[in-house]
Amino acid sequence: MSASEELFARAKERIPGGVNSPVRAFGSVGLTPPFIARGSGSRLWDEDGREYIDFVGSWGPMILGHAHPAVEEAVAQAVRDGLSFGAATRREVEMAEMMCAVVPGLEMVRMVNSGTEAVMSALRLARGFTGRDKIIKFAGCYHGHSDAMLVKAGSGVLTQGLPGSAGVPAGCTKDTLTAIYNDLDSVEQLLLADPEGVAAVIVEPVGANMGVVPPAEGFLAGLRRLCDHYGALLIFDEVITGFRLALGGAQQYFNVRADLVTFGKIIGGGMPVGAYGGRKEIMSMVAPLGSVYQAGTLSGNPVAMAAGLAQLRLLKETLGFYEALNRKADSFFSALEEILQASGRAFCLNRVGSLGCVFFTEKPVWNYEDAQTSDTAAFTEYFRRMLQRGVYLASSQFEAMFLSSAHSPEDLRRTLDAAREALK
Ligand code: KE4
């Protein structure tokens, strides 16, 4: 029995499914998940000493690779001064100033401890600011596990949201409506049905939880126009795209402004951090300044801020960081596309910046329904063969590949060789 198998057996005794987040269980690929002992740069090592080239990067945070010396040193320094005070600290001010300096339209920001919390809080704020109850989301977009966001995907565009999880009362999702990604008419239909009733439209500016699905030309700008016309707030959920596509995130990359933006992942440098923010007029409604309550014992935790600040400073101060990362990713995905073409397989490869995903379908993938035409058995076989060749991909068709500045030309060459073999 391998160390991972032994640990997984023990884990399943005391942790639901043996994991602290479902996707880690490798359920959709039917394998024992490697238990990771350590990471460095682009590499991971499991408890059996097996080495992998990592394209999950903790689902996005590790854009500089694992155990970056500057991030680790900042954490070590912060730890020596104490881990948590439940009091205001200098680093929280520096973090808020740093984010507002580089994210378009961000005048105020509140730190929380996860992307889920950031979205939950932003939705409450949008409802408080507009005095309206309805929220529009998109089938295939994931915004964390707060009740209002756990609606059955695509349960009829005009019907009320039905709970997508046990334990979510119908009342929590009745005001959550589901539109079709890249389909502005499906959004306008919902707005027309209740022109004064929609508080916000929340969207992943790049769908990255149904595999990677780019916004079609004009989609995001169209959402901006519809929200302006109907008085709803536009919320960009940038938990993945924030500080990923560009320093200013998707707002900069696509040049479309949101009213509220949620963050997570990269801003924590690997530590538990989320945030939400926007213009002062809206953020001033958040307690203790305003009447929208939101709180958190470990929000703005000094050690987490130290990690996040160190990572964001490097992203901000490394000249041409995003141009280099996105150029590297573009050439990698283009080479992968050629290998897929040569394999004769039906595939659709979607990529935006350093995010990418291979679907095994002959259809172009522009929304959740398209993504579901992918042959998940073929994906599973591809995943297994890549893992056997030391390439650690997301263990589900409906996730993304994340490239980092730590992926070397050798890493990418080895990965392409593995893909050539795996697709035979
Ligand atoms: P967290 O609560 O997991 O920090 O963030 C929730 C969230 C919100 N918004 C977007 C766009 C997200 O992608 C996420 C979380 N992403 C998943 C990966 N696709 C997290 C991985 C997991 O659930 O373990």
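Structure notes:
- Flag if residue 362 is out of contact with any Pro (no Cβ under 8 Å at 6 or more places or on another chain) and loosely packed, with under 15 Cβ neighbours inside 10 Å: yes
- Among the residues of segment 293-342, just one is aromatic (Phe, Trp, Tyr) and over 18 Å from residue 355 (Cα atoms), namely 293.
- Residue 277 more than 13 Å from the chain's Cα centre (by Cα), more than 13 Å from the ligand (Cβ to nearest atom) and surrounded by 24 or more Cβ atoms within 10 Å (Cβ to Cβ): yes
- Strands (runs of 3 or more DSSP E) within segment 40-114 that include 2 or more residues within 16 Å of the ligand (Cβ to nearest atom): 108-112
Yes/no per residue for (1) loosely packed, with under 15 Cβ neighbours inside 10 Å; (2) under 25 Å from residue 397 (Cα atoms):
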residue	(1), (2)
8	no, yes
14	yes, no
17	yes, yes
24	no, yes
29	no, yes
32	no, yes
45	no, yes
49	yes, no
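- The residues in segment 242-274 that are within 13 Å of the ligand (Cβ to nearest atom) and without any contact (Cβ under 8 Å) to a residue 60 or more places away in the chain can be counted, and the count is 1.
- Flag not set for residue 101, criterion: outside the structural domain of residue 245 (by TED's automatic domain parsing), surrounded by fewer than 19 Cβ atoms within 10 Å (Cβ to Cβ) and not acidic (Asp, Glu).
- Residue check, residue 398 assigned to a helix (DSSP H, G or I) and buried (at least 20 other Cβ atoms within 10 Å of the Cβ): no
- Pairs with Cβ under 7 Å, 6+ apart, first in segment 116-130 and in the same structural domain as residue 231 (by TED's automatic domain parsing), second in a helix (DSSP H, G or I) and of a type outside the set (Val, Ile, Thr): 119/149; 123/148
- In the set (1) within 13 Å of the ligand (Cβ to nearest atom); (2) touching a residue at least 24 places away in the same chain (Cβ under 8 Å); (3) part of a loop (DSSP other than H, G, I, E, B), residue 20 fails one condition alone, (2).
- Residues within segment 183-219 that are under 19 Å from residue 151 (Cβ atoms) and assigned to a loop (DSSP other than H, G, I, E, B), tallied: 7
- Within segment 371-418, the residues that satisfy the criterion of being among the polar types (S, T, N, Q) and closer than 16 Å to residue 39 by Cβ are 404, 405, 408.
- Unmet criterion (only one of (1) buried (at least 24 other Cβ atoms within 10 Å of the Cβ); (2) on the phi < 0 side of the Ramachandran plot; (3) within 13 Å of the ligand (Cβ to nearest atom); (4) not hydrophobic (A, V, I, L, M, F, W, C)) for residue 209: (1)
- Members of segment 115-147 that are near the ligand (Cβ under 7 Å from one of its atoms), of a type in the set (Val, Ile, Thr) and surrounded by 24 or more Cβ atoms within 10 Å (Cβ to Cβ): 119
- Pairs are defined by a Cβ separation below 9 Å, a sequence spacing of at least 6 or placement on different chains, a first member in segment 42-63 that is assigned by TED's automatic domain parsing to the domain that holds residue 393 and within 16 Å of residue 413 (Cβ to Cβ), and a second member that is crowded, with 23+ Cβ neighbours inside 10 Å and acidic (Asp, Glu); the pairs so defined are 42/54; 43/54.
- Scanning segment 230-244 for residues that are on the phi < 0 side of the Ramachandran plot and among the small types (Gly, Ala, Ser) gives 232, 242.
The values are calculated or read from the model by the stated rules, or taken from the named source; none is laboratory data. Note that this is a predicted model, so its numbers are computed, not measured. Because the Cβ atoms are built from the backbone with ideal geometry, glycine has one as well, and the counts that use them run over all protein chains shown.
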